[in-house]
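Before any comments, here is the structure.
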Amino acid sequence: MTEPTCQSPLERLARLEKLCLDNASGLPQQAQAEEAWLGIGFRLGELQLVAPLGEVSEILTPPSLSQVPRTKAWVCGIANVRGNLMPIMDLQGYLHDRPAALNRRSRILVVNHNGVYSGLVVDAVLGLRHFRDEERCDELPGQDTRVHEYMTHGFRSGNEHWGVFSMHKLAETPQFLKAAV
């Protein structure tokens, strides 16, 4: 096919556009992305728990602590985290009246909710966890009713059973807010 030689630049662009549209293949069919529930997995004793991603503002290695006199046994102390004083609480100690054994795997989950800025000692952080809607269940893992108070639901993934632990619910609990003796 020969091109007329006396075409204006606009006519050439229009013809080029028509050729491109005539020879273009369609876009590939876009698969619907599956929505996933995201959370931070952590271990507390033998329980595998997961906190909603939006409820954990930071994960820290245990910092140096200063003791706070006249506080409950589950108050580990206070830490200076980037110029901010943060109370560090032992979640195991709060829930079960027995202190967690701090080791190299222990981590601090930071909660910042409705004026409560606190770090919670957990046995280990197990990373980011993704769950599909069909993995959700109402059955809570374990037999511990103290921990169940702060769980909203669970997830079953393969042979693992995870409990969703609400950090916000914990931060709103009057007993948790009364750390003084």
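The values are calculated or read from the model by the stated rules, or taken from the named source; none is laboratory data. Model, not experiment: these values are computed from the prediction. Here the Cβ is made from the backbone with ideal geometry for all residues, glycine too, and neighbour counts use every protein chain on show.
As an exercise: evaluate D123 against (1) without any contact (Cβ under 8 Å) to a residue 40 or more places away in the chain; (2) touching a helix residue (DSSP H, G or I) at 6+ places or on another chain (Cβ under 9 Å) and give the number of the one condition it does not meet.
Here D123 meets the rest and fails (1).
Tell me, which residue of the stretch 49-70 that is in contact with a Leu (Cβ under 7 Å, 6 or more places away or on another chain) and farther than 16 Å from V116 by Cβ is surrounded by the fewest Cβ atoms within 10 Å (Cβ to Cβ)? Give the steps one after another, and end with the answer.
Filtering the stretch 49-70 down to residues in contact with a Leu (Cβ under 7 Å, 6 or more places away or on another chain) leaves 51, 53, 56, 59, 62.
Then drop every residue that is not farther than 16 Å from V116 by Cβ, which leaves 53, 59, 62.
Numbers: L53: 12, I59: 15, P62: 16.
Looking at residues that are in contact with a Leu (Cβ under 7 Å, 6 or more places away or on another chain) and farther than 16 Å from V116 by Cβ, I get L53.
Out of curiosity, is R136 basic (K, R), modelled with pLDDT of 90 or more and closer than 21 Å to V56 by Cα?
Numbers: basic (K, R): yes; modelled with pLDDT of 90 or more: yes; closer than 21 Å to V56 by Cα: yes.
The answer is yes for R136.
Residue check: is E134 exposed (fewer than 13 other Cβ atoms within 10 Å of the Cβ) and in contact with a strand residue (DSSP E or B) (Cβ under 8 Å, 6 or more places away or on another chain)?
Details: exposed (fewer than 13 other Cβ atoms within 10 Å of the Cβ): yes; in contact with a strand residue (DSSP E or B) (Cβ under 8 Å, 6 or more places away or on another chain): no.
Here the answer is no, as E134 does not meet what is asked.
For A73, are the conditions met, namely being surrounded by fewer than 16 Cβ atoms within 10 Å (Cβ to Cβ), more than 25 Å from P174 (Cβ to Cβ) and either modelled with pLDDT under 90 or not charged (D, E, K, R) (or both)?
Values: surrounded by fewer than 16 Cβ atoms within 10 Å (Cβ to Cβ): yes; more than 25 Å from P174 (Cβ to Cβ): no; either modelled with pLDDT under 90 or not charged (D, E, K, R) (or both): yes.
No: the conditions fail for A73.
In the stretch 76-116, how many are of a type outside the set (K, R), in a loop (DSSP other than H, G, I, E, B) and either surrounded by fewer than 15 Cβ atoms within 10 Å (Cβ to Cβ) or at pLDDT 95 or above (or both)? Steps first, please.
First, the residues of the stretch 76-116 that are of a type outside the set (K, R): 76-81, 83-97, 99-103, 106, 108-116.
Among the residues that remain, those that are also in a loop (DSSP other than H, G, I, E, B) are: 83, 97, 99-103, 106, 114-115.
Checking which are either surrounded by fewer than 15 Cβ atoms within 10 Å (Cβ to Cβ) or at pLDDT 95 or above (or both) leaves us with 83, 97, 99, 101-103, 114-115.
Of the residues in the stretch 76-116, 8 are of a type outside the set (K, R), in a loop (DSSP other than H, G, I, E, B) and either surrounded by fewer than 15 Cβ atoms within 10 Å (Cβ to Cβ) or at pLDDT 95 or above (or both).
Does the stretch 59-75 hold any residues that are hydrophobic (A, V, I, L, M, F, W, C), within 22 Å of the chain's Cα centre (by Cα) and either assigned to a loop (DSSP other than H, G, I, E, B) or closer than 22 Å to D97 by Cα (or both), and which are they? Walk me through how you get there before you give the answer.
Taking the stretch 59-75 and keeping what is hydrophobic (A, V, I, L, M, F, W, C), we get 59-60, 65, 68, 73-75.
Retained after the next criterion (residues that are within 22 Å of the chain's Cα centre (by Cα)): 59-60.
Passing the criteria: none in range.
So which residues in the stretch 60-75 are under 16 Å from I108 (Cβ atoms) and small (G, A, S), if there are any at all?
Within the stretch 60-75, S64, S66 qualify.
Report the residue count in the stretch 40-70 for those that are closer than 14 Å to M86 by Cβ, at pLDDT below 95 and either touching a helix residue (DSSP H, G or I) at 6+ places or on another chain (Cβ under 8 Å) or of a type in the set (A, V, I, L, M) (or both).
2
Mind telling me which of the residues F155, F176 ends up being in contact (Cβ under 8 Å) with a residue 24 or more places away in the chain, surrounded by 12 or more Cβ atoms within 10 Å (Cβ to Cβ) and in a strand (DSSP E or B)? Steps first, please.
Numbers: F176 fails: in a strand (DSSP E or B).
Of F155, F176, the one residue that is in contact (Cβ under 8 Å) with a residue 24 or more places away in the chain, surrounded by 12 or more Cβ atoms within 10 Å (Cβ to Cβ) and in a strand (DSSP E or B) is F155.
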